[in-house]
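The values are calculated or read from the model by the stated rules, or taken from the named source; none is laboratory data. Because the structure is predicted, anything quoted here is derived from the model rather than measured. Note that each Cβ is placed from the backbone with ideal geometry, even for glycine, and that neighbours are counted across all protein chains shown. Surface accessibility is based on the protein's heavy atoms, side chains included, excluding ligands, DNA and RNA. Shrake-Rupley method; radii C 1.70, N 1.55, O 1.52, S 1.80 Å.
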Amino acid sequence: MRAQRAFFLYLAVLLSYTFAIKMMYAILAQVLPNKNNVLSVGTFLVLLLSLFSGFIVYPSEIPNYYDWLALINPFAWAFQALLIIEFTSSKYTNGELLLEDRGFETDRAWIWGSFLILISYSLLSALILSWVQEHVRVQKKRNLATSHGLVADNENAEDEGQPKHELPFVPVDLSFEDMVYEVKASTSGETLRLLNNVSGVLGAGRMCALMGSSGAGKTTLMDVIALRKTSGEITGEVRLNGFPQERISFLRSSAYVEQFDIQQPELTVEETVKFSARLRLDPSYETTQDEDGKALLVARVLEMMELTDICNQQVGSYEEGGLTFEQRKRLAIAVELAASPSIIFLDEPTSGLDSRGALVVMRAMKKIAMSGRTICATIHQPSSAVFEMFDDLLLLKKGGEVVFFGELGTESKCLVNYFEERNAAPIEHGENPAAWMLRQYVGSDDVDWKELFEQSDQFRVMKERIETLNSNLDESKKIFYDSEFATGLGRQISLMNRRVFTIMKRAPSYNLARIMLAGIYAFLIGSVSLTHKNKDRIFQEQEVDAILSTIFLGMTIMGVVSVSMAVPVMKTMRDVFYKHRASGMLDHNSISIAVTVAELPYIAMISVIFAAIYYATVRLFSSTERWWAFWLYFSLSNATYTYFGQAFICLVKDAPTAGALVGALIGYNVFFSGLVVRPQYFTGPFQLGYWTAPGRYAYEGMVNSQFVGLNHVVIAQPESAWWYDLGCDDRAPALVDKPCLGSMDQYTHFFFGGRFDESHRPLILSVLFFCLVLARLLLWFALKKFNYVNT
């Protein structure tokens, strides 16, 4: 009965503590502006809770100036209660003495006191959270620029005329015939036909709108034509100037602007466009073979897209501020235009924009079309002004069937005449032709619009045009590239390295935060030892325990910081890479190398700062060789956490799933490192964890480098396990009242059961470097094989 009561008390304490901590972190999530801030402050709280809980540093060793932190620490109260529940039970003969020697309370009344404190924490946190939710609103930063004043409104000047400068490209008439796309239903397993014998022609120098009701397959059709679909079964024929579509050549001659395009927040508008130009422009173009030529091209693109005034502004993010949504749309088009494509696909380029923003984007698209390029865009509920800017329309209905394809005509007269001739209700004066058209065919289920179209002159003209393109082949118009990328691997690596270094340099919430936290954490962890009187190299047993624990805590907490902050940064770079790869810009090798190399100086710097400050505050053993060894193992630990964090977010789809893997890695390292559970107590299958945890090797390396071979005196705590191991209970009567002494080397050997040994150094370094290589191979494999986008 007593054991059952102890179990339920133990469970109740854990639940009370968990609830109190959840409420505290809910307040953080409510008052802090973004995830990075929550991660930084949250990790700092973990450090405070752990360091002053009584587990890392015993209460008897916590300096007086930190006593208040222990008193307000819910972890300390919960830990105190759990220890009393366990060690005052009947199965321990000297449990109370063990607690007293370390500064813990032994009266069971403290259990109920801890309950009261934890419940008070929860209630207080709930009240604060309620007040915060009612009165505090964290506003996103305003965008650093608006479209007003940045876009020329003079439509009578160059905007409506032929572009002043021509970019090198081959005009393309793209034809597609009898396109069918089928997929397996996720639930029933039956085959679903999303496109049903769709045909059409996208003409050079013309803008074609893909429209239809929701689920009609307009985006699906564009993705199939643009080779963006990686699943399902596709049949039909796509030709460029009459020649069959070939994947490599098509990707290099085409561009695709996604509806919600993603760019690197840390780069400027000009840098973003220039990176695309450097990697995607064909080296055979004489005008852009050197950097000056590429710079001139980028300037022309920025001018065409009306981005010149903001070319030096960072793209930014929606959380931190940056470009407006409309400016991001134009930037996305500029990035693709910098590759000088022959055909550009755009997925709903005006969605989410007001009428003025939509006209600005459409005006830019019109200028691109007037240069001779082919424009194909899905469009949803366009205004009359936007709809009038298109030359052609391909209209689909549910089931992926064509309702209409042909020229719109001035004020959409061709379209209106087509429907009115087939008994559609006459259009009213001033009515939007796009909205009117959708109402006519959507609301007439008794009319087979597909059959009517196949019997129309528009269908006959389309078929004749496709036949003409396929039969009158002109070799000078054939687009062919013999290489997948416009630049070689060496050039890709060089440009990507430069790009990632720039990103790292401009990411203060990532790297500056890590550097600052390393200094703050090192001082905070080391400052618990500032009052230790070890000038004579004489230590108490509890002091050595505190040093061993703070080394472990420092290694773990900086690992948590590194891996947690690496995941969101790498996710953004991963998503941008997916876009680059789909555009035929580069492959996985360059980014794998770049993100590895770019992290190295920051990992080294963070480790130097932590090691220097920690050494100074703890006043470890003044030896250059030992300091460099500490720095080496600390760096390898940080690198392992960072590189595995990068690999995890590339192996899985989203950050929450990667967070689960990160949590598993942290827990695995914490449990098997050798401090929470000492090595000699791992038996049976648990030895597998001990021998495979990277954290164990980093921790053993740091401990061995600092303690092995040291003869500094350590005073054994009376009646401790080491005191008995030294044989202090069998000493001569004259020595009973004198301190029982051992060496630092003897204590660490006993503490870790002889499992931490200097002879393991080659093994330790080999395993840690193997873990780094493994993390890089996982990253390389994930970037090569996976593509977590909607395809």
Accessible surface of the stretch 733-791, 1.4 Å probe, proportion on carbon and sulfur as whole %: 67
Label Val789 and Ala604 with points 7 Å out from Cα along Cα→Cβ: what is the distance between them in nm? 3.5
Between Leu783, Ser120, Ala716, whose Cα lies farthest towards the positive end of the dipole of the chain when Lys and Arg beta carbons carry +1 and Asp and Glu beta carbons carry -1, centred on the Cα centre? Ala716
Computed for the stretch 236-347: size of charge dipole around the Cα centre, +1 on C-beta of each Lys and Arg, -1 on C-beta of each Asp and Glu, debye to nearest 20, value 360
So, in nm, how far is label Leu127 from label Leu15 when the simple model puts each one 7 Å beyond its Cα toward the Cβ? 2.4
Would you rank Asp391, Asp354 by solvent-accessible area, highest first, keeping every protein chain in place and using a 1.4 Å probe? Asp354, Asp391
Once amide H atoms are placed 1.01 Å from N in the peptide plane, what residues at a sequence separation of 5 or more from Leu346, or on another chain, have their amide H within under 5 Å of its amide H? Val257, Cys376, Ala377, Thr378
Would you mind checking which residues have amide H under 5 Å from Val714's amide H? H placed 1.01 Å from N; only 5 or more apart, or other chain. Phe539, Gly742, Ser743, Met744
Tell me which of Ser175, Leu227, Met462 sits at the most positive position along the dipole axis of the chain, charges placed on C-beta atoms (Lys, Arg +1; Asp, Glu -1). Leu227
Starting from 0.36 nm per residue, how many nanometres of slack lie between Phe770 and Asp107 once their C-alpha separation is accounted for? 233.7 nm
On the formula 1/(1 + (r/R0)^6), with r taken between the Cβ atoms of Asn470 and Asn34 and R0 of 35 Å, the FRET efficiency rounded to 0.05 is 0.05
Would you work out which of Ile525, Met605, Gly42 lies farthest towards the positive end of the dipole of the chain? Charges go on Cβ: Lys and Arg +1, Asp and Glu -1. Ile525
Percent of beta bridges antiparallel (DSSP, the chain, rounded to nearest 5): 60
Taking 4 °C and 1.567 mPa s as the conditions, I'd like the Stokes-Einstein D for the stretch 227-329 in µm²/s, using the Kirkwood hydrodynamic radius from alpha carbon pairs. 80
For mean projected area of the Cα convex hull in nm², pick the label among (i) 43.1; (ii) 33.0; (iii) 40.8 that corresponds to the value derived from the coordinates. (i)
Would you mind estimating how fast the stretch 723-791 diffuses translationally, via Stokes-Einstein at 4 °C and 1.567 mPa s with the Kirkwood radius over Cα pairs, in µm²/s? 76
Counting other C-beta atoms within 10 Å, and keeping those with at most 11, which DSSP coil trypsin sites (Lys or Arg not before Pro) do you find in the stretch 525-602? Lys533, Lys535
Rounded to the nearest 20 Debye, what is the dipole magnitude of the chain about its Cα centre when Lys and Arg each give +1 and Asp and Glu each give -1 at the C-beta? 1720
Convex hull over the Cα atoms of the stretch 381-420, averaged projected area in nm²? 3.0
I'd like the accessible area for Phe79, computed on protein heavy atoms only with a 1.4 Å probe and all protein chains in place. Round to 10 Å², please. 40
Based on a Kirkwood Rh over C-alpha pairs, give the Stokes-Einstein translational diffusion coefficient of the stretch 504-591 at 10 °C and viscosity 1.306 mPa s in µm²/s. 98
Evaluated at q = 0.16, 0.21, 0.25, 0.30 Å⁻¹: base-10 log I(q)/I(0), Debye formula over Cα of the stretch 427-470: -0.62, -0.81, -0.88, -0.97
Please list Val597, Val132 from largest to smallest accessible area, probe radius 1.4 Å, with all protein chains kept in place. Val597, Val132
Of all the Cα-Cα pairs you can form in the stretch 323-366, what percent are over 12 Å apart? 59
So which aspartates and glutamates can Lys477 reach, going by Cα to Cα under 19 Å and dropping same-chain residues fewer than 8 places off? Glu166, Asp173, Glu237, Glu246, Asp282, Glu286, Glu467
What accessible area per residue comes out for the chain, rounded to a whole number of Å², with a 1.4 Å probe? 44
Would you calculate the separation in nanometres between label points at Leu489 and Lys229, each defined as 7 Å from the Cα along the Cα-to-beta-carbon direction? 3.3
Can you sort Thr235, Thr272, Thr624, Thr219 by solvent-accessible area, 1.4 Å probe, largest first? Thr624, Thr235, Thr219, Thr272
Please work out the FRET efficiency for the pair Asp67 and Ser120, using the Cβ-Cβ distance as r and a Förster radius of 30 Å; give the result to the nearest 0.05. 0.95
Would you mind giving the three semi-axes, in whole Å and largest first, of the ellipsoid equivalent to the stretch 637-750 according to its Cα gyration tensor? 41, 14, 10
Note down the accessible area of Lys184, probe 1.4 Å, to the nearest 10 Å². 150
What figure, in Å² to the nearest 10, do you get for the accessible area of Glu420 with a 1.4 Å probe and non-protein molecules left out? 70
For a label point 7 angstrom out from the Cα of Lys653 toward its Cβ, which stretches of the stretch 205-231 have the backbone nitrogen within less than 18 Å? 229-231
Subtracting the Cα-Cα distance of Asp446 and Val676 from 0.36 nm times their residue separation yields 75.4 nm
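Over the stretch 1-55, with every protein chain in place, what whole percent of the accessible area is carbon and sulfur at 1.4 Å, could you tell me?
73
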log10 of Debye I(q)/I(0), alpha-carbon scatterers only, for the stretch 563-698 at 0.11 Å⁻¹: -0.53
Normalised Cα Rg of the stretch 1-48, dividing by 2.2 N^0.38 Å with N its residue count, works out at 1.61
With a Förster radius of 56 Å, plug the Cβ-Cβ distance of Arg761 and Lys184 into 1/(1 + (r/R0)^6) and report the FRET value to the nearest 0.05. 0.50
